[in-house]
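Coordinate-derived values only; no laboratory data. Quick caveat, the model's predicted, so the values are computed rather than measured. Reconstructed Cβ throughout: ideal geometry from the backbone, glycine too, with neighbour counts over all protein chains shown.
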Amino acid sequence: MKGNSRDHPHSDLERNNVELQHAVEKAKQIQSQLDRQVFYLKTLYDLTSELSPIVQTERLLETFLLMTIGTYGISQGFVLLLNRETRSAQVVTRGMEKPKGLSAEAAESLLYQSFNVSEDKSLAPMTVSRITAPELLLEAGFDIKITCSLMFVIDPSLMGLVAFGTKLSPSPLSSEDEGLLFALVSNFMVFLKTARSFETIQTLNADLERRNQELRQTIAELTEARHTITVLEKAKNHIKSLVQWQTERIGRLSLLDVILILTVSIVVGLLFNISSPNGVTLLPVSIFRQSPPVVTVLEAKRILDEDEAVLVDARPFEFYKEKHIKEAINVPPSLFDIVYMMKLSNLDPQRAIVVYGRNISRHYDEEVAHRLMQRDHQDVRVLTGGLSAWAKHGYPVEQ
């Protein structure tokens, strides 16, 4: 009995030691978790501090990528940002080459492919989603061994991709690391949205300043023209008085006097017309333009039947409404800019356009053809003979 009593304190001591070791291990785990949480919070704070004073999109992309790969010890990474409003794509890389020839169209196609293989499949504003098949980024020309790739959507017109390569250390990204990465990208999107708003304001201010400058120039020109007109009116009155005085003096006008009066009147009229803001153009602009190419009715019918060309009726809507070639698009010169944006702005510049519509005094077809060529359409031709020639061949027209 005495031996058992001596052994009992020893077993209690061992049990206490085991409990103490467990408590120490638990404390270490808690301390490790606290250290990691502190690290995550400090990382978010540092990123916010670095990004908050930046209002240029390019610098935001570069700073975010540099800080993120530094935080995780990653050797490669890139950020792709697509602005669908301005039809522009920006790419920033670290530790790798930028893909060559990545246009806005190619970037948009890549983002839609990424959306199809994303976990959430959401285009809701301010969302981040993991890409489950990052190999499609390799097919797009990004030479990187991807560890993690995310798609982010700021709004329907501004979205992008962020991808990272392998870590310099052998340990992979943990679930906590990926959670922090989601938080960093979400924070990054807020600053991108602010930067875009700032750039929009800058653009509007620059446009407003340009318009103000144009307005000031117009006012100055009108003021100068007003002074010139005043001088000319005084000269006209002086000449008129002189002519009246000469007429009264000699009783009748000679042929030389008539010629002199006509010459002075013409000169004064020309000077007044040139100086006036609402002056009439003396020679039509079309005289100095090169005439567009022409196409015969037979050739036009052939390429239209083969769907190789678009047919444009350049006459005013009232004439178009009375009679026009079947499937012709009405684009009168007076409404050219509006109708073009609505019906022809997405047309392939290489596709042929056949234009018709003129009368004795107005060549609407040549005017519209010239404007289309100014919009970089490469193959614009005027239909020889116009609507009447088309109808004489028995081809379909509509009323």
Practice task
Can you tell me the FRET efficiency between ALA140 and ASP307 if r is taken as the Cβ-Cβ distance and R0 is 41 Å, rounded to the nearest 0.05?
Solution key: 0.80
Problem - Estimated 222 nm signal from helices in the chain, with DSSP H stretches of n ≥ 4 weighted -39500 (n - 2.57), rounded to 500 - result: -19000 deg cm²/dmol
Exercise for the section: Could you compute the FRET efficiency for SER122 and LYS28, with r as their C-beta to C-beta distance and R0 at 51 Å, rounded to 0.05? Expected result: 0.80
Problem - Degrees separating the helix 364-374 axis from the principal Cα axis of the chain, which is the longest one - result: 40 degrees
Practice task
For each of SER345, SER149, count neighbouring Cβ atoms within 10 Å of the residue's Cβ, then give the residues from fewest to most.
Solution key: SER345, SER149
Practice task
Grab the other residues whose beta carbon is less than 14 angstrom from that of ALA133, score K and R as +1, D and E as -1, and report the net.
Solution key: -1
Problem - Distribution of pairwise C-alpha distances over segment 48-201, 5 Å bins, in % - result: 2, 9, 20, 24, 23, 15, 6, 1, 0, 0
Fill in the blank from the handout: Taking R0 as 51 Å and r as the Cβ-Cβ distance between GLN202 and LYS326, the FRET efficiency 1/(1 + (r/R0)^6), rounded to the nearest 0.05, comes to 0.55
Exercise for the section: Compute the long axis of helix 2-51 from its Cα atoms, compare it with the longest principal axis of the Cα atoms of the chain, and write down the angle in degrees, 0 to 90, nearest 10. Expected result: 10 degrees
Practice task
Enumerate the aspartates and glutamates that LYS193 could reach by cross-link, defined here as Cα to Cα under 14 Å, with residues fewer than 8 away along the same chain left out.
Solution key: GLU58, GLU85, ASP155
Exercise for the section: Could you pull out the pairs from LYS28/LYS145; LYS323/LYS392; LYS100/LYS343; LYS301/LYS392; LYS301/LYS326 whose alpha carbons sit more than 23 Å apart here? Expected result: LYS28/LYS145; LYS100/LYS343
Completion exercise
So ASP12 and GLU85, fully extended at 0.36 nm per residue minus their Cα-Cα distance, gain in nm 18.8 nm
Exercise for the section: Mind ranking 100-110, 72-82 by how tightly packed they are, going by the mean number of other C-beta atoms within 10 angstrom, highest first? Expected result: 72-82, 100-110
Fill in the blank from the handout: Charge tally for neighbours of HIS363 with beta carbon under 13 Å away, counting Lys, Arg as +1 and Asp, Glu as -1, is +2
